[in-house]
1. Residues of segment 104-147 being more than 22 Å from residue 194 (Cβ to Cβ) and part of a strand (DSSP E or B), which ones?
2. Among the numbered criteria (1) surrounded by fewer than 18 Cβ atoms within 10 Å (Cβ to Cβ); (2) part of a strand (DSSP E or B), which single criterion is violated by residue 206?
3. Of all residues in segment 374-394, which are surrounded by 16 or more Cβ atoms within 10 Å (Cβ to Cβ) and among the aliphatic types (A, V, I, L, M)?
4. Taking helices (runs of 4 or more DSSP H) that do not extend beyond segment 294-394, which have at least 2 residues that are farther than 21 Å from residue 272 by Cα?
5. Does any residue in segment 1-30 that is farther than 23 Å from residue 242 by Cβ come within less than 6 Å, Cβ to Cβ, of a residue that is of a type in the set (Phe, Trp, Tyr) and not in a helix (DSSP H, G or I) six or more places away or on a different chain, and which pairs are these?
6. Return yes when residue 51 is modelled with pLDDT of 95 or more and hydrophobic (A, V, I, L, M, F, W, C) and no when it is not.
7. Filter segment 339-366 down to residues that are surrounded by fewer than 15 Cβ atoms within 10 Å (Cβ to Cβ) and of a type in the set (Gly, Ala, Ser) and give me whichever is farthest from residue 265 (Cα to Cα).
8. With in a helix (DSSP H, G or I) and modelled with pLDDT under 95 as the only criterion, which of 213, 229 stands out?
Amino acid sequence: MNIHEYQAKALFEKYGVPVPKGAPAKTPEEFVNALAPLPEGPTMVKSQIHAGGRGKGTFTDGFKGGVKFCKTKNDAKELAGRMLGNTLVTAQTGPAGRKVQTVYFTTASDIKKEYYLAILLDRGTSRPVIVASTEGGVEIEKVAHDTPEKIHKVFVDPAYGLADFQVRELCFKLGFAGAEAKNAARLIRNLFTCFWETDASMVEVNPLITTPAGEVLALDAKVSFDDNALFRHPELVELRDLNEEDPKEIEASKHALNYIALDGNIACLVNGAGLAMSTMDIIKHFGGTPANFLDVGGGASREQVVAAFKIILGDANVKGILVNIFGGIMDCNVIAQGIVDAVKEVGLKLPLVVRLEGNNVVAGKATLAKSGLKLVSGDSMADAAQKIVKLVAA
């Protein structure tokens, strides 16, 4: 689950991570109250959407930049009016863009130097890793590719926690000294506490800045949380902005389905994340394009299968459906009955290819055979993928 910058900064403040003073506004009427606590003078106004590259983005009306520096609060108010309700297109939103429904005003900071700082989970070591660089304010992927020696990593033992010597080592590698080093060390420790206690999957600050006065501030903030741990944090669930999510993905979450919309035309209904990835790969291999990732899990019910079909058909781009089930824990006959019920309920007209294998597969295939449904059986993953690609292309 992702949250907005203004929400992330409020969380940072709770954990003692310094950020520039700021306030959000969701309507033009809220602009005055949001700006009132800020000092007169240079002010930033930032579009709040769940996508990066806002500063380089372009609104659909031609207005450029979703992050703007303003000399006065009055200028910030005027620019915020142009952003709010407008659709911002960035490299991460795709051509459709995202509608800006919140703007965030912050005091413009006097920047001495910019850095990059992030904490995330390293899958290779199964440990949190702090990633830092002196090259902040730019795309970290470009830094990693062009100058990997400028990327510094510190792996944290979850049993021991972040050690003081690791913090000192990081501050030394980033070139902090004196008051800046003390402030940076405090920020890093507090940021790690925030990451750990909230079950975050990523906390990113780009840029982290120093000021001429020796302050170290999180000028930007990006935080995402592990969905599997949200049951422990009801206060964080309240920060979820459904306006920023695909309606089909929201509906899938209500039925405990793992669904991610893609831009292809062959829908996939699979049990197991690994099998789902393999299914998408083999569709691509045979010249098709997957319309989604949909994992119904190892113990899906008939009701979940029906819900999955309805979600799939909510995508107008879908021209065919491939069901690929390997019954380990899953009972193939349960899936088969769900397919039959779903097809009859929604009146499916699109090509449907079904491949069943594993637990109770004989009963599952028998259920499909006597259903009278117009569907195609796949004898293997490859056979099923080739058949659906051919049917969609016909």
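The values are calculated or read from the model by the stated rules, or taken from the named source; none is laboratory data. No experiment lies behind these values; they were computed from the predicted model shown. Backbone-built Cβ (ideal geometry, glycine too); neighbour counts: all protein chains shown.
1. Hits for segment 104-147 are 105, 113.
2. (1)
3. Start the filter on segment 374-394 by keeping residues that are surrounded by 16 or more Cβ atoms within 10 Å (Cβ to Cβ), which leaves 375-376, 378, 381, 384-392.
Answer for segment 374-394, where residues must be surrounded by 16 or more Cβ atoms within 10 Å (Cβ to Cβ) and among the aliphatic types (A, V, I, L, M): 375, 376, 381, 384, 385, 388, 389, 391, 392.
4. Result: 332-346, 361-369, 381-393.
5. What qualifies is 22/104; 22/105.
6. Taking the combined requirement at face value, the residue does not satisfy it.
7. The initial filter retains those residues of segment 339-366 that are surrounded by fewer than 15 Cβ atoms within 10 Å (Cβ to Cβ), namely 344-347, 349, 362, 366.
Those left that are additionally of a type in the set (Gly, Ala, Ser): 347, 366.
Working: 347: 19, 366: 29 Å.
Among those that are surrounded by fewer than 15 Cβ atoms within 10 Å (Cβ to Cβ) and of a type in the set (Gly, Ala, Ser), it is 366.
8. Going through 213, 229 in turn, the sole match is 229.
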